Amino acid sequence: MRVPFADFNPMHKMIETDIIDKFAEVYKKNQFIAGKECEAFEMEFAKYCGAKYCVGCGNGLDAIYLILKAYDIGEGDEVIVPSNTFIATALAVSYTGATPVFVEPTLEYYNIDVNRIEEKITSKTKAIIAVHLYGQPADMGEINKIAVKYRLKVIEDAAQAHGALYDGHRTGSLGDAAAFSMYPGKNLGALGDGGAVVTNDEELAEKVRHLGNYGSDYKYHHIYKGNNSRLDELQAAFLRIKLSNLDVWNDDRRRIASRYLDSMNNANIVLPQLKENTEHVFHIFAIRSKRRDELEAYLKENGIECNKHYPIPIHRQQAYKDLKFEQGALPIAEEISATQLSLPMYYGMTDEQIQKVIDVVNMF
């Protein structure tokens, strides 16, 4: 039996009729940008997150970038980002002309280590981007305390954490603004690219909307040098259907994770740890092993697909060679990159598939 790393079929079969009917409805209306579906999704997703405003955009990278631009962060500024995250977090900072300043994560939870943030703050620091990596929220209480102390903005990169909870509050409502990706593989994924900015700040929401619409507040009137980043009607319509099922799908991911955590027992691997005040949504089930490459090969030989998130840390990517980081400069991020492996995790995994993953990992 083969176990894929991800499989959309169980999820999409569940909503297939609704998706096809909604496509026909939008198709017949002949309005594909800035219509009622996008407006409705924005209202529904803001409410779901426990926030006042949502602005759809083209993708998750754009969402972070638009927030930074709306806060007038740019050339000469610095933004704190985790050293252990997908490159989009840093790219958004770079696109504004600002400099990403990397802070190491904890090995226990993989998110930014709040005890290391203050030492990286300078007079140029304007914001902290808190990434909720793999689906577990960062330590937002401590991050917000630091931000208040130094008068910094807090931006959530919630691309992997749709529906996750911190102290009973959903991601998207935990900072000044939040960026979401709706890439198809996300817990709340479109059938193409998509993204959203969520905030309680009305002024920020309006500026983000204008910036993503060529800097225009109304047609052919441009108040900013903006760009084109809008969530189209079809993707918004599909996301509305998926949003109504998100909690069910997240619960199933937790079911799978619980089986893994309860039954995996191998001295060669380190299982993920769960923080007491958070509710993980397991976008990724991340384990670590000093023998990661051997384990990966063994799993694949036994029909289990896996992945690495992420095999090269940002500071060692060629794209960031201008920052002149040497090997060993950020050792925790480098250790995670060298040892992390992601196991199959998706809605609708069968008991047999879950058990096979457990058995093969335990036999390694």
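Overview of results
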{"quantity": "Of Thr350, Thr106, Thr278, the one that fluctuates the most in a GNM where the chain has Cα springs shorter than 10 Å", "calculated": "Thr350"}
{"quantity": "Between the stretch 223-243 and the stretch 141-193, the Cα center-to-center distance that results, in Å", "calculated": "18 Å"}
{"quantity": "Per-q log10 I(q)/I(0), the stretch 47-129, q = 0.10, 0.18 Å⁻¹ (Debye; single scatterer per alpha-carbon; no solvent)", "calculated": "-0.27, -0.81"}
{"quantity": "Net charge, Phe282 excluded, C-beta distance under 13 Å - Lys, Arg +1, Asp, Glu -1", "calculated": "+2"}
{"quantity": "At least 24 Å along the helix axis (C-alpha) and Kyte average at least -1.0, DSSP helices within the chain", "calculated": "9-29"}
{"quantity": "Sites Lys300 and Lys28 - FRET efficiency at Förster radius 45 Å, r taken between beta-carbons, to 0.05", "calculated": "0.50"}
{"quantity": "Mean separation of Cα contacts under 8 Å (6+ apart) over length of the stretch 224-364, as relative contact order %", "calculated": "32 percent"}
{"quantity": "Choice from Lys120, Lys242, Lys149 showing the highest fluctuation, given a GNM over the chain with Cα pairs closer than 10 Å", "calculated": "Lys149"}
{"quantity": "Set Lys47/Lys126; Lys124/Lys275; Lys225/Lys324; Lys126/Lys324; Lys308/Lys356 screened for pairs whose C-alpha atoms are more than 25 Å apart", "calculated": "Lys47/Lys126; Lys124/Lys275; Lys225/Lys324"}
{"quantity": "Carbon/sulfur fraction of accessible area - the chain, other protein chains in place, 1.4 Å, %", "calculated": "49 percent"}
{"quantity": "Tensor-based shape of the chain (alpha-carbon gyration tensor, a/c under 1.5 rounded, otherwise prolate or oblate)", "calculated": "oblate"}
{"quantity": "Normalised contact order of the chain, rounded percent, pairs of Cα under 8 Å and 6 or more residues apart", "calculated": "22 percent"}
{"quantity": "Candidates Tyr347, Tyr27, Tyr110, ranked by Gaussian network fluctuation over the chain, Cα under 10 Å, top entry", "calculated": "Tyr27"}
{"quantity": "Exposed-loop-free span, longest in the chain, where GluC sites (Glu not before Pro) count as exposed if DSSP calls them loop and at most 12 other C-beta atoms lie within 10 Å", "calculated": "109-275"}
{"quantity": "Assigned charges on the beta-carbon of Lys, Arg, Asp, Glu; the chain dipole about Cα centre (debye)", "calculated": "380 debye"}
{"quantity": "Unit charges at the beta carbon, dipole of the chain: most positive-side option, Tyr214, Asn115, Gly328", "calculated": "Tyr214"}
{"quantity": "Computed magnitude of the charge dipole of the stretch 93-205 (debye, nearest 20; Cβ of K, R +1, Cβ of D, E -1)", "calculated": "220 debye"}
{"quantity": "Percent RCO, i.e. relative contact order, over the stretch 284-364, from Cα pairs under 8 Å lying at least 6 residues apart", "calculated": "46 percent"}
{"quantity": "Calculated FRET value between Ala319 and Lys149, using beta carbons and R₀ = 51 Å, to 0.05", "calculated": "0.95"}
{"quantity": "Tensor-based shape of the stretch 204-255 (alpha-carbon gyration tensor, a/c under 1.5 rounded, otherwise prolate or oblate)", "calculated": "prolate"}
{"quantity": "Residue-normalised accessible area of the chain, given per residue in Å² at a 1.4 Å probe", "calculated": "44 Å²"}
{"quantity": "For the chain, calculated [θ]222 nm from helices alone, where every DSSP H run of n ≥ 4 adds -39500 (n - 2.57)", "calculated": "-12000 deg cm²/dmol"}
{"quantity": "Whether the stretch 118-198 is rounded, prolate or oblate, judged on the alpha carbon gyration tensor where a/c under 1.5 counts as rounded", "calculated": "prolate"}
{"quantity": "In Å, descending, principal axis extents of the Cα set of the stretch 1-93", "calculated": "51, 44, 26"}
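The values are calculated or read from the model by the stated rules, or taken from the named source; none is laboratory data. All values derive from a computational prediction rather than experimental measurement. Cβ coordinates were reconstructed from backbone atoms using ideal geometry, including for glycine residues, and neighbour counts include every protein chain displayed. What goes into the accessible areas is simple: the full protein's heavy atoms, side chains included, and nothing from ligands, DNA or RNA. Shrake-Rupley method; radii C 1.70, N 1.55, O 1.52, S 1.80 Å.
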